[in-house]
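Read through the structure below, which is laid out as structure tokens, and then see the notes.
The values are calculated or read from the model by the stated rules, or taken from the named source; none is laboratory data. All figures in this text were calculated on a predicted structure; none of them were measured in a lab. Cβ placement follows ideal geometry from the backbone for every residue including glycine, while neighbour counts extend to all protein chains displayed.
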Amino acid sequence: MKLDIEFIIYSVIIIFCLIPLYIYRKEIYSKFSKSGNIKIFIKDIDAYLSLHYPKINFDFSNILKKVEEEKDIKIKEILVVEDLVSQFATYEYELTTQTSVSRDKLWSSYDNNSKLLKDNKFPIDWNQRKEAAWIRDKNKCNRCGTKIKLIDSQALLAKQMRNGGGFNLENIVILCSDCARLVRTSNIEKTSRDLLISDRLMKQVKN
């Protein structure tokens, strides 16, 4: 008899807990399964990428087809971001020599320190060279075109030292941290999972 009473009490409690869930089921569902206009999201993302990564030709033509069966807007937006990050990571790019800088902007030790050293060490004026290349490139990444601070920029050699490349400004390429990592990596897929562009685009996704 005692068990029957406990059973009834617990049953009543469970029923009272379930009633609000039933009454507000639509509101609860909408909270966890959001709907929205994916076309507006893509338009906003396109504008953002055009402004901040102008050198990358992102292809939006097939993205809508890839996400059309998904109902949840947040999941749709995440899938769009993942596709765009993949495009960014696999964008074809090759390090090439850059334009020269006028002689009046160079310093007295420039020519001597431009030569490749026997021990493959960077010259003592490397930071000065990096800054000169950064100014030459108008503070922008050579691969994607995003604006970068000098402290955040990466300077790579178009022709590597092992291939006889020197430290002349024409051989110095300025990249953002994402592009530098992608250029250096032997595993694009793994590297693309941890890029700044991914974090920045994910911030555009609805909460």
- request: Go through the stretch 63-92 residue by residue and tally those that are of a type in the set (Lys, Arg) and within 21 Å of the chain's Cα centre (by Cα).
  value: 3
- request: Check 174, 197, 188 and return the single one that is surrounded by fewer than 15 Cβ atoms within 10 Å (Cβ to Cβ) and modelled with pLDDT of 95 or more.
  value: 188
message: Looking at the structure I just gave you, is residue 73 surrounded by fewer than 17 Cβ atoms within 10 Å (Cβ to Cβ) and more than 23 Å from residue 54 (Cα to Cα)?
response: no
- request: Enumerate the pairs (first residue in the stretch 62-85 and of a type outside the set (Val, Ile, Thr) and part of a loop (DSSP other than H, G, I, E, B); second residue anywhere and modelled with pLDDT under 90 and surrounded by fewer than 16 Cβ atoms within 10 Å (Cβ to Cβ)) with beta-carbon separation below 9 Å, excluding pairs fewer than 6 apart on the same chain, so at least 6 apart or on different chains.
  value: 71/33; 71/35; 72/32; 72/33; 72/35
- prompt: Would you say residue 129 is out of contact with any Asp or Glu (no Cβ under 7 Å at 6 or more places or on another chain), in a helix (DSSP H, G or I) and under 15 Å from residue 97 (Cβ atoms)?
  reply: yes
message: Residue under question is residue 137, and the condition is that it be under 29 Å from residue 46 (Cβ atoms) and out of contact with any helix residue (DSSP H, G or I) (no Cβ under 9 Å at 6 or more places or on another chain); does it hold?
response: yes
- prompt: Within the stretch 174-190, restricting attention to residues that are of a type in the set (A, V, I, L, M, F, W, C), over 22 Å from residue 109 (Cβ atoms) and not in a helix (DSSP H, G or I), which residue is nearest to the chain's Cα centre (by Cα)?
  reply: 176
- prompt: Is there any pair linking a residue in the stretch 157-182 that is small (Gly, Ala, Ser) to one that is surrounded by 16 or more Cβ atoms within 10 Å (Cβ to Cβ) and assigned to a helix (DSSP H, G or I), with Cβ under 8 Å and at least six apart or on different chains, and which?
  reply: 158/170; 158/171; 165/171
message: Among the residues that make up the stretch 130-143, is at least one of them at pLDDT 90 or above, within 19 Å of the chain's Cα centre (by Cα), among the hydrophobic types (A, V, I, L, M, F, W, C) and surrounded by 15 or more Cβ atoms within 10 Å (Cβ to Cβ)?
response: yes
field: Members of the stretch 137-167 found to be closer than 23 Å to residue 106 by Cβ, part of a strand (DSSP E or B) and of a type in the set (Lys, Arg), listed by number
entry: 140
- request: Of the numbered conditions (1) in the same structural domain as residue 161 (by TED's automatic domain parsing); (2) at pLDDT below 90, residue 69 fails exactly one; give the number of that condition.
  value: (1)
query: Which of the residues belonging to the stretch 92-138 are on the phi > 0 side of the Ramachandran plot and touching a residue at least 12 places away in the same chain (Cβ under 8 Å)?
result: 120
field: Members of the stretch 186-207 found to be hydroxyl-bearing (Ser, Thr, Tyr) and farther than 20 Å from residue 145 by Cβ, listed by number
entry: 186
